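> This structure is in structure tokens; I'll ask about it shortly.
Just so it is clear, none of the values below were taken in a lab; they were calculated from the coordinates. The structure displayed is predicted, hence computed values, not measured ones. Heads up, the Cβs are rebuilt from the backbone with ideal geometry, glycines too, and the neighbour counts pull from every protein chain shown.
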Amino acid sequence: MAKQQDGASRFNPKLNRRTLLGALGITGALAFLTTAGQTIPQLAPFNLFGSHQQRVGPQHLPVNKTAKKANVIAKAKDPKWRLSVRNGAKERTFTLRQLQRLPQHTVTLPISCVEGWSVNAVWAGVRFADLAKLVGASDRNFKVQSLQRGAYATTTLENNFVRDPLTLIALRVNGQELDLDHGYPARLIAPARPGVLQTKWLEYIEAQ
Ligand SMILES: Nc1nc2c(c(=O)[nH]1)N[C@H]1C(S)=C(S)[C@@H](COP(=O)(O)O)O[C@H]1N2
Ligand SMILES: [Mo]
């Protein structure tokens, strides 16, 4: 019994060494490919340990769900689009142009997806707190609703995030108007929230 457990002694030491070196070579090559895939685009298909969604999308930022997959392209591009800001019967609506004419703020915040990537971006847009104030709801939580329907389309923004000067209704990212895939015409971006709560393609925000 004790002899059988000592498995290594049963191998020819020469063969053993060759097998070991061969295995190391393969492992080394695999390690190179799997990690290099994260930085060398041509090797991305070999990036087994990163998320496939780590590939960079428009505006140097990965895309979790495209506008096409979310079925929002027509609504997002509709010239009749308005962002509605509600507090009970009180409602203010804004065209994209009107949002662009409100005081603009710029913040650097990451999108951190639970699927395994986190990327910093420079966001610009309107402070959520400014909009909450306009409808007299600075002390409330907000429902944030996307034009999309279904999973990830609605989030609750707690009052500490409503008040946070870093929380924006973003209209721009990395120096450009938001790409459709990143939430055009307007998306939520708030500090220290998982990516899944950074709602894209906003339809309305409503005090709760
Ligand atoms: N309406 C809507 N917003 C959404 C999502 C979604 O599927 N629908 N995905 C979320 C998730 S899981 C992440 S990680 C981020 C990714 O943002 P990005 O695609 O602009 O990088 O958007 C979030 N906002
Ligand atoms: Mo995500």
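> Can you sort HIS105, HIS60, HIS182 so the residue with the fewest Cβ neighbours within 10 Å comes first?
Lowest to highest Cβ neighbour count: HIS60, HIS105, HIS182.
> What full-extension length gain, to one decimal in nm, is calculated for ARG92 and GLN176 as 0.36 nm per residue of separation minus the Cα-Cα distance?
27.6 nm
> Where does the range 77-208 land on the Kirkwood hydrodynamic radius, alpha-carbon pairs, in angstrom?
Result for the range 77-208 stands at 14.5 Å.
> Output wanted: per-residue J couplings in Hz (rounded whole) for the range 141-152, from phi through Karplus 6.51 cos²θ - 1.76 cosθ + 1.60, θ = phi - 60°, x for Gly and Pro.
So the J values, rounded to whole Hz, are 7, 10, 7, 10, 10, 8, 5, 6, 10, x, 4, 6.
> Which residues in the range 192-208 place their backbone N less than 12 Å from a point set 7 Å from the Cα of LYS65 along the Cα-to-Cβ direction?
Answer for this model: 196-201.
> Roughly speaking, what is the stretch gain from ASN159 to SER118, that is 0.36 nm per residue apart minus the C-alpha to C-alpha distance, in nm to one decimal?
Length gained, ASN159 through SER118: 12.3 nm.
> Still on this structure: Check the straight Cα-Cα distances from LYS90 and name the lysines below 23 Å, setting aside those fewer than 8 residues away within the same chain.
List returned: LYS80, LYS133, LYS143.
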